[in-house]
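To start, the structure under review is shown below, and the notes come after it.
The values are calculated or read from the model by the stated rules, or taken from the named source; none is laboratory data. Because the structure is predicted, anything quoted here is derived from the model rather than measured. Positions of Cβ are backbone-derived with ideal geometry, glycine not excepted, and every protein chain shown enters the neighbour counts. The protein model used for the area step is the full one, side chains on, heavy atoms only, and it has no ligands, DNA or RNA in it. Shrake-Rupley method; radii C 1.70, N 1.55, O 1.52, S 1.80 Å.
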Amino acid sequence: YGLTIFMLIAGLCIELIDNMYKLITVFSGSAFYVDKYFKGDRILVLTAWVINILTILFVVIYSSHSATSEGKKLNDDIQIMLLQHPIDVGKRKQLKLVTTQLSNNKIEFSAVGFSLNFPLLCTLLTSIFTYVIVMVQLRK
């Protein structure tokens with residue numbers, strides 16, 4: 001699913017750039033394709049699209065980030081359980097095997113080499129805002 005998620009995130013970023021740029025041009029009054037009677041409606045629709053895209057981006061990355069965090073927390077919880085609670089030998093062996101697997105195989109979600117976590121979200125949003133600002137400056 002890595003390529004699919006990457007394409008989803010790339011498409012959302014392109015849509016976000018486009019809608020933010022249109023929102024800024026309509027709001028500033030420099031958009032030539034908006035009738036003055038429908039300016040408020042256009043601003044409302046574009047704002048709704050921007051919020052929708054930001055929500056989808058946040059949900060995709062938040063769910064991946066929280067699953068990764070829970071995987072890391074699970075290893076610590078199992079270690080605490082092994083140390084603090086009396087467990088029979090068979091279950092202890094299985095729990096040690098699980099902790100070994102969790103230690104050696106890190107739980108991480110990635111899309112074509114990019115880890116889906118909050119630093120990626122911050123990088124994406126910073127890049128998008130920078131790109132939109134440059135587009136607005138070049139238009140003037």
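Looking at ILE78, ILE14, ILE43, ILE9 in this structure, which one is surrounded by 11 or more Cβ atoms within 10 Å (Cβ to Cβ), among the β-branched types (Val, Ile, Thr) and over 23 Å from LEU125 (Cα atoms)?
Selected residue: ILE78, the only one of ILE78, ILE14, ILE43, ILE9 that is surrounded by 11 or more Cβ atoms within 10 Å (Cβ to Cβ), among the β-branched types (Val, Ile, Thr) and over 23 Å from LEU125 (Cα atoms).
With respect to LYS22, is the statement that it is in a helix (DSSP H, G or I) and open to solvent by 70 Å² or more (accessible area, probe 1.4 Å) true?
Spelling it out, it is not the case that LYS22 is in a helix (DSSP H, G or I) and open to solvent by 70 Å² or more (accessible area, probe 1.4 Å).
Any idea which of (1) in a helix (DSSP H, G or I); (2) in contact with a strand residue (DSSP E or B) (Cβ under 9 Å, 6 or more places away or on another chain) is the one ILE61 doesn't satisfy?
The one condition ILE61 does not meet is (2).
Any residue in region 100-118 that is open to solvent by less than 50 Å² (accessible area, probe 1.4 Å) sitting within a Cβ distance under 9 Å of a residue that is assigned to a loop (DSSP other than H, G, I, E, B)? List the pairs, counting only those 6 or more apart or interchain.
Listed by first residue and then by second, the contacts come to ALA111/TYR1; SER115/GLU108; SER115/PHE109; LEU116/GLU108; LEU116/PHE109; ASN117/GLU108; ASN117/PHE109.
Just to be sure I understand, how many residues within region 81-132 are more than 30 Å from THR4 (Cβ to Cβ) and assigned to a helix (DSSP H, G or I)?
Filtering region 81-132 down to residues more than 30 Å from THR4 (Cβ to Cβ) leaves 81-97, 99-100.
Among the residues that remain, those that are also assigned to a helix (DSSP H, G or I) are: 81-84, 89-97, 99-100.
Count: 15.
If VAL89 meets every condition in (1) open to solvent by 80 Å² or more (accessible area, probe 1.4 Å); (2) at positive phi apart from one, which number is that one?
(2)
Specify which of the listed residues (THR68, THR55) is in a helix (DSSP H, G or I) and open to solvent by 60 Å² or more (accessible area, probe 1.4 Å).
Answer to the selection: THR55.
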